[in-house]
Amino acid sequence: MGKVILAYSGGLDTSVCISWLKEKRNFDVMTYSADLGQGDELEPLAERALAAGAVSAHVGDLKERFLTEYVWPLVRAGAMYSNGYLLATAIGRPLIAFELVRIGRENGATAVAHGCTGKGNDQVRIETTIAALAPEMRIVAPLREWEMKTREEEIEYAERRGIPIPVKKGSLYSYDRNLWGMAIEAGSLEDPWAAPPEDAFVMTANPLEAPDEPEFVELEFADGVPVALNGSALGPVELVAALNEIAGRHGVGRLDTVEDRLVGIKSREVYEAPAATVIFAAREAIEQLTLGRDLMHFKRPLSLKYGELVYYGLWFTDLREALDAFFLRMARHVVGTVRLRLYKGGCAVVGRKSPQSLYKEKLATYSVGDAFDHSAADGFLTIWGLPVRAEAERRERIEKPGR
């Protein structure tokens with residue numbers, strides 16, 4: 001009998017995994033649960049794992065590290081995936097896998113197990129990270145092997161064995177939450193024609209029922225990441241938690257999209273990310289004020305690539321580290337304060353200022369005090385138009401020879 005360390009969320013899948021790994025693979029099962037800001041649901045995790053048959057249960061508080069070492073680089077990069085997914089679930093996976101390997105090695109595990117499905121993205125993120133950090137460790141993926149096909153079958157399996165689980169047959173949504181956001185799946189959400197029911201949302205109020213008065217918030221940035229909220233300096237965990245509460249109260253941060261999974265299928269995905277939505281909007285506003293045109297244009301495809309690396313599970317790669325160096329260098333100019341209006345699900349930038357601003361009112365204004373030398377445009381346009389004129393003359397020669 002060997003030892004396996006299981007990434008344990010406390011949910012249905014991983015609770016069933018403990019019993020299955022014992023019965024079918026004869027493993028002594030250790031569990032690891034990462035606290036990335038899930039909230040109260042973490043409190044009974046160790047007890048639940050032991051009750052399900054684990055020989056030991058480990059819970060690690062990774063909230064500060066999660067934000068500073070993983071989310072903040074994502075913010076500097078301005079990285080998202082597809083048409084707006086802010087990568088809340090994806091960015092947590094490399095950290096979880098890192099800790100699985102570390103704690104597994106310390107406690108004599110020869111294998112790592114997870115509760116990811118065979119058609120999801122998380123199996124790629126977890127296993128690719130393990131391959132990068134501990135290629136000698138065996139990987140066991142029960143959901144790719146067992147015969148159960150539905151959540152209802154798993155619930156019945158758990159009930160027959162007395163496994164404590166946090167869901168019942170009437171509650172079939174699947175949640176994955178951390179400080180950066182929430183992914184909501186299963187149930188009626190699998191029908192892309194059906195509107196997400198209000199009872200599926202956890203972090204955000206119904207925008208139609210949100211306060212009738214807008215709320216204004218101010219975010220201060222230094223080196224590309226937020227450091228203060230409404231004039232008060234806060235640590236990353238406190239800032240994101242406070243902003244989640246404020247923006248969530250106004251229904252900000254919902255996303256309903258059809259996403260292209262790494263494995264090649266399209267999937268209807270519903271997300272909540274109140275703090276992340278506000279932070280991304282504010283960061284973009286500061287960048288518009290402080291970064292030059294060429295740098296902004298060059299950054300965009302790199303941001304897209306960074307988002308893909310996170311989504312595809314390629315965090316521990318030379319490419320990601322090289323991109324981090326670029327974004328960190330660029331972020332030294334992303335300094336300043338942004339004022340945003342939160343109202344009925346909307347997040348709008350209404351003001352921005354920075355000591356490193358490239359904006360000069362005396363050049364941009366059309367009012368008294370305009371300092372722009374309009375006569376300089378004549379020579380500029382002559383030079384700028386030279387290649388266009390040359391092409392026009394060539395076209396004239398080809399289309400109308402002899403003239």
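One table, with the values for the structure above:
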quantity: Charge-dipole axis of the chain as Lys and Arg at +1 and Asp and Glu at -1 on Cβ define it, positive-most pick from 364, 380, 345; calculated: 380
quantity: Contact order relative to length of the chain, as percent, for alpha carbon pairs under 8 angstrom and 6 or more apart; calculated: 18
quantity: Qualifying trypsin sites (Lys or Arg not before Pro) for the range 352-382 [loop in DSSP, other Cβ within 10 Å: at most 10]; calculated: 360
quantity: Per-residue ³J(HN,Hα) for the range 80-85, Karplus 6.51 cos²θ - 1.76 cosθ + 1.60, θ = phi - 60°, Hz, x for Gly and Pro; calculated: 9, 10, 6, 10, x, 5
quantity: Links that overshoot a 28 Å alpha carbon limit, given the list 63/149; 299/344; 149/266; calculated: 63/149; 299/344
quantity: Residues 289, 381, sorted so that the one with the fewest Cβ neighbours within 10 Å comes first; calculated: 381, 289
quantity: Net dipole in debye of the chain [+1 Lys, Arg Cβ; -1 Asp, Glu Cβ; about Cα centre; nearest 20]; calculated: 1260
quantity: Placed amide H near residue 140: partners under 5 Å, 5+ positions off or other chain; calculated: 112, 113, 114
quantity: Max mean-square fluctuation residue, GNM over the chain, Cα-Cα springs under 10 Å, options 338, 240, 258; calculated: 258
quantity: Ranked 297, 374, criterion: other C-beta atoms within 10 Å, fewest first; calculated: 374, 297
quantity: Calculated from backbone phi, Karplus (6.51, -1.76, 1.60) coupling profile of the range 26-34 in Hz, x at Gly/Pro; calculated: 6, 8, 7, 9, 9, 10, 10, 10, 9
quantity: Low-density loop positions, GluC sites (Glu not before Pro), the range 107-204 - DSSP coil, at most 15 other Cβ in 10 Å; calculated: 136, 145, 147
quantity: Nitroxide proxy distance, nm - points 7 Å out along Cα→Cβ at residue 218 and residue 388; calculated: 4.3
quantity: Rounded to 10°, Cα long-axis angle of helix 12-25 versus longest principal axis of the chain; calculated: 50
quantity: Environment charge of residue 130, counting only residues whose C-beta is closer than 12 Å and scoring Lys/Arg +1, Asp/Glu -1; calculated: +2
quantity: Between 0 and 90°, nearest 10: helix 318-331 axis offset from the chain longest Cα axis; calculated: 50
quantity: Listed candidates (i) 47, 25, 21; (ii) 34, 22, 21; (iii) 30, 29, 20 - label of the one calculated as semi-axes √(5λ) of the Cα gyration tensor in Å; calculated: (i)
quantity: Estimated FRET transfer efficiency when R0 is 45 angstrom, pair residue 265-residue 368 (beta carbons, to 0.05); calculated: 0.15
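The numbers here are math on the coordinates, done by the rules we state, and not lab data. Quantities reported herein were computed from a predicted structural model and do not represent experimental measurements. Don't worry about glycine lacking a Cβ; one is built from the backbone with ideal geometry, like all the others, and counts go over all protein chains shown.
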